[in-house]
Amino acid sequence: MLALIYGPYLGRPCGWQVRGRVAPFSRGIWLYLDWFRPICYITRQNSEKELSAEYLTKSFKKEDVQQKWYVVDANGKTLGRLATKIASMLRGKNSSRFTPHNDTGDFVVVVNAGKVKVTGKKADTKVYFHYTGYPGGATYVKYKELIEKKPEVVIEHAVKGMLPKNRLGARLFMKLKVYAGSEHPHAAQKPTVIEI
């Protein structure tokens with residue numbers, strides 16, 4: 001049996017009920033199927049405001065957002081925990097203007113990359129793998145060697161793995177600036193120092 005249920009105060013259909021039941025609720029109506037899965041819920045408070053533009057989800061563009069610059073000190077910070085915070089800032093998840101398909105994040109400058117730490121036995125056992133695509137082109141670099149020669153690559157590798165694997169992720173990754181020492185050439189952007 002098919003029954004078209006009309007939502008109260010709206011005068012338009014809000015869902016279909018297929019061999020189910022309608023259960024009254026204190027602030028509206030729940031529609032249930034045979035396995036009691038809700039498919040529509042309308043409240044008296046939100047029914048009049050549903051079509052209002054201020055309650056619609058806003059999708060921000062890159063031009064609508066003023067991207068900020070932040071400086072993060074990696075001295076003594078754990079690699080993975082630091083990378084998750086940086087990746088969230090690059091994507092813009094720390095702000096209400098977050099839009100999954102647009103670049104709405106901020107620029108992040110990381111200093112003292114050579115003083116980042118890892119937990120457990122990772123300092124001795126962690127290995128970075130790279131394959132050139134040619135036979136015999138596999139290279140293995142230990143964490144200890146990489147943190148001494150190129151400490152920037154350690155943080156870049158961790159953050160890049162937490163970004164989208166597409167063109168958007170490539171653009172977001174370009175906003176990450178990592179430096180082994182405590183100095184950086186981005187003073188003109190007046191970055192804000194934040195503690196993670």
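No lab work stands behind these numbers, since they all come straight from the coordinates. Since this is a predicted model, take the numbers as computed values, not measurements. Positions of Cβ are backbone-derived with ideal geometry, glycine not excepted, and every protein chain shown enters the neighbour counts.
The figures follow:
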| quantity | calculated |
| --- | --- |
| Residues in region 72-97 that a label on Lys117 would reach, taking backbone N under 12 Å of a point 7 Å out along Cα→Cβ | 75-79 |
| Relative contact order, percent, region 62-194 [alpha-carbon distance under 8 Å, six or more residues apart] | 34 percent |
| Per-peptide average of other Cβ atoms within 10 Å, ordering 142-148, 172-178 highest first | 172-178, 142-148 |
| Amide H contacts under 5 Å for Tyr70, placed H, 5+ residues apart | Phe107, Val108, Val109, Thr192 |
| If the convex hull is drawn through the Cα atoms of region 62-194, its volume per residue in Å³ | 124 Å³ |
| Length released on extending from Glu183 to Asn75, taking residue separation times 0.36 nm less the Cα-Cα span | 37.6 nm |
